[in-house]
1. Is it the case, given these coordinates, that residue A:419 is under 27 Å from the mean Cα position of the chain (by Cα) and either assigned to a strand (DSSP E or B) or in contact (Cβ under 8 Å) with a residue 12 or more places away in the chain (or both)?
2. Looking at the stretch A:104-140 only, could you name the residues that are of a type in the set (Asp, Glu) and in contact (Cβ under 8 Å) with a residue 24 or more places away in the chain?
3. If you check residue B:92 against the conditions, is it over 30 Å from residue A:268 (Cβ atoms), within 14 Å of another protein chain (Cβ to nearest Cβ) and modelled with pLDDT of 85 or more?
4. Select, from B:196, B:177, the only residue that is surrounded by fewer than 24 Cβ atoms within 10 Å (Cβ to Cβ) and either away from chain A (no Cβ under 14 Å) or aliphatic (A, V, I, L, M) (or both).
5. Within the stretch A:189-239, which residues are within 29 Å of residue A:111 (Cα to Cα), assigned to a loop (DSSP other than H, G, I, E, B) and more than 14 Å from chain B (Cβ to nearest Cβ)?
6. How about the stretch B:1-71: which helices (runs of 4 or more DSSP H) wholly inside it have at least 1 residues that are at pLDDT below 80 and loosely packed, with under 14 Cβ neighbours inside 10 Å?
7. Of the residues that sit in the stretch B:278-319 and are surrounded by fewer than 19 Cβ atoms within 10 Å (Cβ to Cβ) and under 26 Å from residue A:234 (Cα atoms), which one is modelled with the highest pLDDT?
Amino acid sequence: MKKIIALLMALAMSLGVLAGCANTADTPESSATTSTPEEQPTAESPKVETPLKLTWQQGIGIDTLFESPHKDSQSLYPDMVFDSMITYDAAEDKLYPALATEWTVNDDYTVYTFTLREGVLWHDGEPFTADDVVWSIHDCVLNPNNGGMQFFQYIKGYDAAKEGTTDKLEGVRAEGNVVTIELTQPTARFLYSIGMTKILPYHLLGNIAWADVDSNEYWTKPIGTGAYKIDEVKFPDYFTCVRNDEYWGEPACIKNVQFISYQTGGSDAAVAAVITGNVDFATRQVVVDKSVADNITSQNADVKTIIMNDFVTRGFFFNTGVRADGNVKEDLKKKEVREALALLIDEDAIASFYNGQATASPTFVNPNATEYNTDIPTVSKDVNAAKKLLDDAGFDYSQVIDIAYYYNDQTSHDIMQLIVQDCAEAGVTVNPILLEGDLAALIYTDCNYDLLYAAANGAATDQAKPYNQFASNTSYTFMGMSEERGALFDDLLNKYNASGDSEERKEIAWQLQALNYEYCWGIPAYILNNCVCYNTANVQVPENVFSVGGTTNFRWNEWKMLK
Amino acid sequence: MLKYVLRKLLALIPKLLVISIVVFFALELLPGDALSRTIPPDQYHELSENQKNELRESMGLNDPAPVRYIRWLGNILHGDFGYSSSTGQNIGKMLAGRLPYTIELACYGLILAAIMGIFFGFLAAVFKNTIIDYLCTAFSVLGISLPEFIFGISWIIIFSLTLHWFPSGGRMPVGDSSYLARIPYMVLPVMTMAISLTAAGVRYTRSSMLDVLGKDYVKTARSKGLSEFKVYVKHAFRNCLTPVMTLLVMRIPMLVGGSVVIETVFNYTGIGTMAMTALTAGDIPVVMITVMASAVLTLLASTLVDLVTALIDPRVRFE
């Protein structure tokens, strides 16, 4: 018995040792400006301003490094710590000066010139220079860990740099505080990509091999030029920011910000934290399920949910080109067959799986967006019409249509089952295939499917971007029949990408949507909107900041703590 | 006893080597381009061949598998666990930020479960077929049959959202990572973790105790005129512990590796969710290290069981 007691004692002691081993030694001392959630100002102690508490979640995890702002779309930290040359306000669809005070574009939208702001300092006190801008643009292109910015492929010298024959982009030049970017083809929307490109410090990252940039020590506590500086970092639990009092622009209103990790608990834990006051604002993809947020907000008057219009459309893309197994379905080359399948797939029913978070869409543009073609009729499920089209086209009912998908969640499985049932009503046999493993090879090389259920990325700045998938040089090579599609789409897409006139772009976007409605190369299904959730009793958020996704104008000077 | 301990520890080495070979070759030799498993397909598709080669070279994916194995094992022995292929983060630092907290949680859960399980099991056996026995049995049935997350969510609703006694999640308050500050954050996860193990402990202790109470030496003790208390505590209780301790100690790796549910419910960042995230992301270096860590813990737990058994029952170490 004594031995057992001794054993338990030893176990308890070893726990003490373990607790001592917990990663606390390398934690920097807490800043005087940081307060614990329980901390209250007293008569003896100086008043501590209430911090803004936000969720912290990154795609790569939060164990040892911050994610590059080129990739982090899940937390507000990139927009607090870093600046772009220009700021894009998605709600107003306007560009504002930021690190560049002014910019000019030549008549054919191929040469962009930016005059940089003088006197801007990095958080470590070093001056911001044109080298920072040039290096950051190169980072977007040459760093293999980055997905690349839209339209950067049009920068002069892009191909040579990508192939490794040179490490300089010929089209990016700096002279004094003026940066010039030359493109190989007209692209008016390039400015918006520049608005999304955060500028990183050349003096800290400039000498590192591109492949190693994102894993450099710099990312343990990155510095920027933004309205907030990172103060204390405790991976993987939290980090704090303090207001940058030397900020070039209007200073932020809230002095202290705490980012608390909800990487592990996810959506439900984050929303629960908003209710209990442990978090004031749960951002972006942290709240992925509107129904969860709705259930909670209905019982908590202080908690508000904002649906943020998104531009990533999910839909179906036909494969008429190539299958590694050689089983290409000739019938899908007939427009009538594709239209019939579009009539069988019930977009409204699919969107309803997401409890109001998804919007069914007859085009690949968000129905709430300015470039959405309101003339396109909603395609309702019509089995009889579909069957007639199939019969007229001489469709072979004995064949099995393979639909591939790669979202391995229950809702996606349910959607596939719904499609199987819908198509069966017209006598069409559908076989859903969940792609798992080497997705790049399965999607782009093997292509053993007839329809691919996938996301097509648009953006607030580029709402009809998904239609680029129908160009003759699409990355979706499996679509086949490139000549036919190219004849329809290529000119329009080139004009759309080049145009800087929003009315003209809208007109072209309408034509693109009408074209796909007529020829049905892809079947749009729905847009899955993001939502954010916050405690209105604790924090006041500027109006419209979160109405549209993709904004970089967060107006930190208008955020206020209410308690 | 020292010889016995040394023998058991030395026997760990070949076992660990075999495990490392199995883990490495099972995961490293998956079909397909290893690079495409480590980065998103869209990004992979956008990379030029030159960039793909650069990434493969920087990740050491171009070397033959045996060379990679020897390098991997050598690095581990030197304390270098490598870098995550999907995030570029140092795996050693990732483990350092998570493993101690998970083990801490598991140990507290184990201690709480051991104390409660043995105590209530003992009571149930001593007061067999009484209301105490029925209550303990009912508790153990509930604890075993209901999933952990039900208890976890219930504790959050009761103790966090309603009573505001403990935080609903996280590991520590912002700005204070001291041991004392972390205690309130551990209470609910530990209670949840201990529930099912306590329930199993109650059942094992009860049946083991009843089995021992029927043995001849217990009858002899009683015939010698010893008090019932002495018979229960000195003679029966000690001998009933061997199977119970085996059960408890063998649950250590399960507590560590199987803590994903608890970690998710309580937003408690630990090794379980790290392994799961790495698996879904195809992050082979992280998966290999977490599987190895789990295997090492299992082996250590198994050795600990042998040592505990030998400590309780001297016959074992004399065999």
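1. Working: under 27 Å from the mean Cα position of the chain (by Cα): no; either assigned to a strand (DSSP E or B) or in contact (Cβ under 8 Å) with a residue 12 or more places away in the chain (or both): yes.
No; evaluated as a whole, the condition is false for this residue.
2. Here is the first cut: in the stretch A:104-140, the residues of a type in the set (Asp, Glu) are A:107-108, A:118, A:124, A:126, A:131-132, A:139.
Result: A:108, A:118, A:124, A:126, A:131, A:132, A:139.
3. yes
4. Just one listed residue meets the conditions, B:196.
5. The answer is A:189, A:197, A:199, A:200, A:201, A:206, A:207, A:224, A:225, A:226.
6. So the answer is B:2-10, B:49-59.
7. B:279
Here's the yes/no breakdown for (1) touching a strand residue (DSSP E or B) at 6+ places or on another chain (Cβ under 9 Å); (2) more than 11 Å from every other protein chain (Cβ to nearest Cβ); (3) modelled with pLDDT of 75 or more:
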{"residue": "B:233", "(1), (2), (3)": "no, no, yes"}
{"residue": "B:237", "(1), (2), (3)": "no, no, yes"}
{"residue": "B:241", "(1), (2), (3)": "no, no, yes"}
{"residue": "B:246", "(1), (2), (3)": "no, yes, yes"}
{"residue": "B:252", "(1), (2), (3)": "no, no, no"}
{"residue": "B:255", "(1), (2), (3)": "no, yes, no"}
{"residue": "B:260", "(1), (2), (3)": "no, no, yes"}
{"residue": "B:263", "(1), (2), (3)": "no, no, yes"}
{"residue": "B:268", "(1), (2), (3)": "no, no, yes"}
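The values are calculated or read from the model by the stated rules, or taken from the named source; none is laboratory data. Note that the coordinates shown come from a computational prediction; the quantities given were computed from them, not determined experimentally. Cβ sites come from the backbone with ideal geometry, for glycine too, and all protein chains shown count toward neighbours.
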